[in-house]
Structures are given as C-alpha cells and as structure tokens.
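The values are calculated or read from the model by the stated rules, or taken from the named source; none is laboratory data. Note that the structure is a prediction, hence the values are computed from the model and not measured. Every residue, glycine among them, receives a Cβ derived from its backbone with ideal geometry; neighbour counts consider all protein chains shown.
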Amino acid sequence: MATSLSIVSLLGSLTSASAAMAQSVAGYYETRPDGGSARNRMCIASGPGNTLAVDIESAYCPGPSPECYNARLGSIQFNARLAGHAMRYDDGHGCRVDITFRRSGARVLQAAHCRGAQDYNDLEASGVYRRVKPEVDDRDCVP
C-alpha cells in the first residue's frame with residue numbers, strides 16, 4: 001500500500017515538474033537580424049498531452065520530395081515533448097529540428113536534406129534565438 005502511494009506521489013511530482021519546465025520555455029523567440037535585417041521567429045506554447053506546440057517562421061522542410069527548387073518560405077509547425085532542456089522533431093522525410101533551451105533563449109539546429117541544399121541556405125531555421133516575450137497564449141502557436 002505504501003509503495004503504491006509513493007509511486008502515485010512520484011508520478012504526480014514528475015507531471016508537475018514537466019508542466020513547470022514546459023511553462024518555463026513557453027514564449028516568443030527571435031534571432032538577431034541578418035545582413036538584410038530579417039529575423040527568424042519562433043513561438044512555443046503548451047500543446048496537447050504534455051507536449052509543446054512549436055511554430056518556427058521563415059523555414060522550410062522539404063517533405064517527402066528530395067527537391068528544393070519548389071521551396072517556398074513558410075513555417076515549420078509541430079508538437080514535441082520536452083526532455084530535460086531539449087526537444088526534437090523528425091518528420092521522417094529528411095527534416096529534423098533540435099531545440100536546446102538555455103537561460104535567455106534557445107539554440108535551434110535544423111537538418112533539412114534535399115538536393116541542391118547549398119543553394120538554399122535561407123530555408124533553414126538554425127540559429128540562436130533570444131526569448132523576447134515569456135507570455136504566450138496556448139492558441140498562439142498551435143500547429
């Protein structure tokens with residue numbers, strides 16, 4: 001009986017710790033401006049089932065096609081679980097996004113593999129993002 005109570009207590013602690021960590025990384029993020037004054041932006045909010053909803057603007061995942069030539073800048077949207085201070089998204093078609101959270105922001109590494117990718121450097125979301133606003137509505141960045 002005492003063992004089952006301690007397991008329930010442990011699970012409750014883990015759930016509230018996970019929710020607190022998710023709350024601590026929620027917000028709006030952006031990179032420093034590049035040479036043309038453009039910034040990449042990212043929104044993170046609570047998602048369904050202990051996940052985080054992520055929306056990274058000005059990025060592209062090639063999807064099932066290995067071609068880049070039809071690329072149109074848009075956004076990458078996904079839900080992922082937070083593990084420690086990191087999360088990973090993999091669409092299974094050559095696009096992977098790793099996000100590591102730090103005190104004042106996040107580092108995003110995107111691997112989008114397609115033919116001729118060296119000609120499309122601006123299609124990736126990789127970079128250091130600074131957290132510019134911690135308050136975010138859960139509906140603001142839902143995929």
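Summary table below
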quantity	calculated
Entirely in segment 19-110, the strands (runs of 3 or more DSSP E) that have 2 or more residues that are out of contact with any Leu (no Cβ under 9 Å at 6 or more places or on another chain) and modelled with pLDDT under 85	74-80
Long-range neighbours under 9 Å by Cβ, at least six apart or interchain, first residue within 14 Å of residue 88 (Cα to Cα) and of a type in the set (Ser, Thr, Tyr) within segment 49-77, second at pLDDT below 75 and not in a strand (DSSP E or B)	51/22
